[in-house]
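Asker: The structure's right below; bear with me while I get my questions together.
The values are calculated or read from the model by the stated rules, or taken from the named source; none is laboratory data. In this text the structure is predicted, and so the values were computed from the model without any measurement. Here the Cβ positions follow ideal geometry from the backbone for every residue, glycine too, while neighbour counts run over all protein chains shown.
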Ligand SMILES: NC(=O)c1ccc[n+]([C@@H]2O[C@H](COP(=O)([O-])OP(=O)(O)OC[C@H]3O[C@@H](n4cnc5c(N)ncnc54)[C@H](OP(=O)(O)O)[C@@H]3O)[C@@H](O)[C@H]2O)c1
């Protein structure tokens, strides 16, 4: 376990990094991503930080705080909804047009669909899209910028090594009965790991990390739920699991450390490998199921599925 003291000392070292690094935060308007963003803004010298969010009103006080905490930094808010492939494409186009490099891509947007499937105007479930499809879209589209940075890192906060079995004949969980909370979590997390492992193998300069944050007290506890489910999560399940959880401050510091610590840099002996991280900063062995999927080249099947989903969504709305 990496102690919180070590984590906090490590992120302080951001103060002495090269000025002018460029970051993109997707999910930085709440919870783990927001805390990591606030800390990065406070500590990094003259960073340029893009923040994607659905609500400019909600983001305004965050932006005011960020600017006050580091007047030399530049913060750019992009008003887009990453449950949409088309919005994600537009964000990528802005970065590709404006920037020559991307030092850190931090992906934490998402929620658990307690109320079931919720299709967007593009016909994709919003939870699967924020949790997997558009995260992979950001990573693959921004590769030229990431590869142009000296030591680029990509952090995705979701389930780390805790993915599970896929429904191989219905990766998008479209058939009746296939979309359940469990199938969503296990399948999206595994697809994310397989897609990230493929990207890591093809882009050995970039450190790709998929991290499980543990249970963290954030709006994620109840987002995606309504009615009695929301009540149960807020007043029964939440208080029961609260003593075993982490604060958003701790989880955010730990998440930011993935961008900072040498422990998670690309290493010669494991170049091209995805880091699967547990909540405590430990690097986990890939679970047997993931190894089996990689042997059977299921990652290729997932990648084809991803490309098809992105193509259909982009063409349908353009
Ligand atoms: N907290 C936990 O215990 C826990 C445990 C395991 C995994 N996770 C996963 O880790 C990630 C980060 O969690 P967190 O605790 O930081 O969550 P959070 O506080 O709820 O923040 C989630 C972020 O995702 C964005 N988002 C949510 N639904 C969206 C949608 N439909 N379209 C676009 N953006 C959306 C939110 O934007 P707005 O500000 O606009 O709402 C927010 O920036 C999530 O994917 C979560 O599912 C969390």
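Asker: Of the residues 200, 189, 195, only one is assigned to a helix (DSSP H, G or I), away from the ligand (no atom under 16 Å from the Cβ) and either in contact with a strand residue (DSSP E or B) (Cβ under 8 Å, 6 or more places away or on another chain) or touching a residue at least 12 places away in the same chain (Cβ under 8 Å) (or both); which? If you could, list the steps in order and put the result at the bottom.
Answerer: Working: 189 fails: away from the ligand (no atom under 16 Å from the Cβ); 195 fails: away from the ligand (no atom under 16 Å from the Cβ).
The match here is 200.
Asker: Looking at (1) in a helix (DSSP H, G or I); (2) within 13 Å of the ligand (Cβ to nearest atom); (3) touching a helix residue (DSSP H, G or I) at 6+ places or on another chain (Cβ under 8 Å), which one does residue 279 not meet, given that it meets all the others?
Answerer: Just one mismatch for residue 279, condition (1).
Asker: For region 203-220, give me the residue count where each residue is touching a residue at least 40 places away in the same chain (Cβ under 8 Å), part of a loop (DSSP other than H, G, I, E, B) and more than 14 Å from the chain's Cα centre (by Cα). Give the derivation first.
Answerer: Going through region 203-220, the residues touching a residue at least 40 places away in the same chain (Cβ under 8 Å) turn out to be 203-214, 216, 218-220.
After this cut, where a residue has to be part of a loop (DSSP other than H, G, I, E, B) as well, the list is 203-206, 212-214, 218.
Narrowing the set further to residues that are more than 14 Å from the chain's Cα centre (by Cα) leaves 203-206, 214, 218.
Here the count works out to 6.
Asker: Which of the helices (runs of 4 or more DSSP H) contained wholly in region 10-117 include at least 3 residues that are modelled with pLDDT of 95 or more and under 16 Å from the mean Cα position of the chain (by Cα)? So that I can check it myself, show each step before the final result.
Answerer: Values: elements: 31-43, 56-69, 85-98.
In region 10-117, 31-43, 85-98 are the helices (runs of 4 or more DSSP H) which contain 3 or more residues that are modelled with pLDDT of 95 or more and under 16 Å from the mean Cα position of the chain (by Cα).
Asker: Right, something else. Those residues that are farther than 18 Å from residue 51 by Cβ, in contact with a helix residue (DSSP H, G or I) (Cβ under 7 Å, 6 or more places away or on another chain) and not in a helix (DSSP H, G or I), I need them from region 118-152; list them, please.
Answerer: Answer for region 118-152, where residues must be farther than 18 Å from residue 51 by Cβ, in contact with a helix residue (DSSP H, G or I) (Cβ under 7 Å, 6 or more places away or on another chain) and not in a helix (DSSP H, G or I): 118, 120, 122, 124, 152.
Asker: On to the next question. Residues that are within 18 Å of the chain's Cα centre (by Cα), buried (at least 16 other Cβ atoms within 10 Å of the Cβ) and in a helix (DSSP H, G or I): does region 228-245 have at least one?
Answerer: The first filter runs over region 228-245 and keeps only residues within 18 Å of the chain's Cα centre (by Cα), leaving none.
No, region 228-245 has no match at all.
Asker: Okay, next question. Can you tell me which of (1) touching a helix residue (DSSP H, G or I) at 6+ places or on another chain (Cβ under 6 Å); (2) within 20 Å of residue 263 (Cα to Cα); (3) surrounded by fewer than 19 Cβ atoms within 10 Å (Cβ to Cβ) is the one residue 157 doesn't meet?
Answerer: Every condition holds for residue 157 apart from (3).
Asker: State yes or no: is residue 196 surrounded by 15 or more Cβ atoms within 10 Å (Cβ to Cβ), farther than 24 Å from residue 37 by Cβ and at pLDDT 95 or above? I'd like the intermediate steps shown before the answer.
Answerer: Working: surrounded by 15 or more Cβ atoms within 10 Å (Cβ to Cβ): yes; farther than 24 Å from residue 37 by Cβ: no; at pLDDT 95 or above: yes.
No: the conditions fail for residue 196.
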